[in-house]
Amino acid sequence: MDGRNRKNIQIGDYVEIVQKQDQESGDLTDGIVKRILTKSSFPPHGIKVMLTSGEVGRVKNIPEE
């Protein structure tokens, strides 16, 4: 699913994010959404979230279950 559309992301979802320091390399970090930090409904770079691990980044992928 598209990680740029806020309605696709819920607290508790399993997602893959790219953290700021990994933007150049494109390394993804996976985890469970704890908080949704972006207010906008469709930001071009993805919805910014905080994972339960405390890591913050923009959603790049929402794996299908």
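Summary of values
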item: Qualifying residue in segment 17-28 (condition: surrounded by fewer than 12 Cβ atoms within 10 Å (Cβ to Cβ) and in contact with a helix residue (DSSP H, G or I) (Cβ under 8 Å, 6 or more places away or on another chain)); result: no
item: Condition met for Arg35 (over 9 Å from the mean Cα position of the chain (by Cα) and not polar (S, T, N, Q)); result: yes
item: Any chance Ile62 is modelled with pLDDT under 95, β-branched (Val, Ile, Thr) and touching a strand residue (DSSP E or B) at 6+ places or on another chain (Cβ under 7 Å); result: yes
item: Yes/no for Val49 being under 15 Å from Asp2 (Cβ atoms) and either crowded, with 16+ Cβ neighbours inside 10 Å or not aromatic (Phe, Trp, Tyr) (or both); result: yes
item: Residue ID - farthest from Ile9 (Cα to Cα), chosen from residues in segment 38-65 that are within 9 Å of the chain's Cα centre (by Cα) and not hydrophobic (A, V, I, L, M, F, W, C); result: Gly57
item: Residue list for segment 1-30, filter: within 9 Å of the chain's Cα centre (by Cα) and among the aliphatic types (A, V, I, L, M); result: Ile9, Val15, Ile17, Val18
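Residues checked against (1) assigned to a strand (DSSP E or B); (2) touching a residue at least 40 places away in the same chain (Cβ under 8 Å):
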{"residue": "Gly3", "(1), (2)": "no, yes"}
{"residue": "Ile11", "(1), (2)": "no, no"}
{"residue": "Glu16", "(1), (2)": "yes, yes"}
{"residue": "Gly26", "(1), (2)": "no, no"}
{"residue": "Gly31", "(1), (2)": "yes, no"}
{"residue": "Thr38", "(1), (2)": "no, no"}
{"residue": "Phe42", "(1), (2)": "no, no"}
{"residue": "Arg58", "(1), (2)": "yes, yes"}
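The values are calculated or read from the model by the stated rules, or taken from the named source; none is laboratory data. Computed from a predicted model, the values in this text were never measured in an experiment. No Cβ is skipped: glycine too gets one built from the backbone with ideal geometry, and neighbour counts run over all protein chains shown.
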